[in-house]
Structures are given as C-alpha cells and as structure tokens.
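A short write-up of the structure that comes next.
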Amino acid sequence: MPLARGDTFKSDPKSVDGERHLWIIVFDPLVNGNKTLALNISTFDNMTCLDDSCVLDPSEFAPHPEFDRKSYVRYDKAMYGSADGVEANIICGVLIRHPAFDQKAIPLILEGALRSKYLRRDLRPLIQDELKRIRAASHPPRVTPPHDRPDQPARRQNREGPDGP
C-alpha cells in the first residue's frame, strides 16, 4: 500500500539503533513527486524536550495505539526523501508500519515546523507549500453563480405577479 500523509512507522529495534520512536509522514508523496517528509514524535519531558514548537496531547486527537502520552515533534530529525525508500524499508522489515495518525494533527505539526529553529532551512518553503495544499483542500473555493459575477450583466427580476403589475 503506498504511503500517504498521516501514515506512521517505527524502526525495528533489532535492525536499527534500538530507538522506537513513532515517525509520521506529513507530505503526501502522490502530490510531491514521490518525495515525502517524515517527522519523529518523542515523549514530552520538560527536562529533555529540545523543541516545544509543537507539543501534542493524545486527548486532542483520535486514539492511536502508539501515541498515548504527551509528545513533541523532533524537527531536528526531519527526514526528507523518496517515498520508495521508506516503502522499501517497510517491506524488508527495517521499519514497521503502524496505523495512520489523526489528519487534524498534520497542519498543527507543519505550523510548528515553521516556528521551529531546529528545522532545516531548505524544508521551510516545502512545508509552506504543503500547508497551502492542505488548507485549499479543506476550504474549497466558493463557486459564484453566473448572475452574481461582476463580469456578467445583472438579471432583471420580474416584479410582476401572476396577474400582471
């Protein structure tokens, strides 16, 4: 199954460095030339939190089996690249796919990225573009009927009743 915005995964501790943090796909590869951005979600702790640009509370989102504590986004670990590479690592077992994350968190995560001083500078314009796409999709343009358009002559209303003026 192809990756999509909101998909999550973790690394297999036997095949990587033992780190089991949740990663979330925040760029839809289908509209980004098969490129995607994955961000690391780590447990929030006032003593170790490196970046409070986006702190997520599980009570604010749909339940997720791997997101049960207050967490923050590690923008310093952002991974941008080919969705094929992530999918290949899932297929060979280096990464373990988990259920999709609540879609309403994605704009919050992307907005936090723009506030973060830890995000790579080259990713900022890409994140701004992705936010525009998300906002455009959630607020489709209003279609103005032809008679309400300024470039069309106004229609005259017939003020006569059924029996004449």
ask   = Quick one: M1, M47, M79, fewest Cβ neighbours within 10 Å first, how do they rank?
value = M47, M1, M79
query = Are any of the pairs K70/K104; K10/K117; K10/K132; K70/K132 more than 23 Å apart by Cα-Cα distance, and if so, which?
reply = K10/K117; K10/K132; K70/K132
Tensor-based shape of region 8-136 (alpha-carbon gyration tensor, a/c under 1.5 rounded, otherwise prolate or oblate) = rounded
key: Sorted by Cβ density within 10 Å, fewest first, the residues V94, V26   = V94, V26
message = Which of H21, H98 has the fewest other C-beta atoms within 10 Å, and how do the rest follow up to the most?
response = H21, H98
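Each reported figure results from applying straightforward, stated rules to the coordinates on display, with no laboratory input. Since we're looking at a predicted model, the values are computed, not measured. Neighbour counts are summed over all protein chains in view; Cβ atoms, including those assigned to glycine, are modelled from backbone coordinates with ideal geometry.
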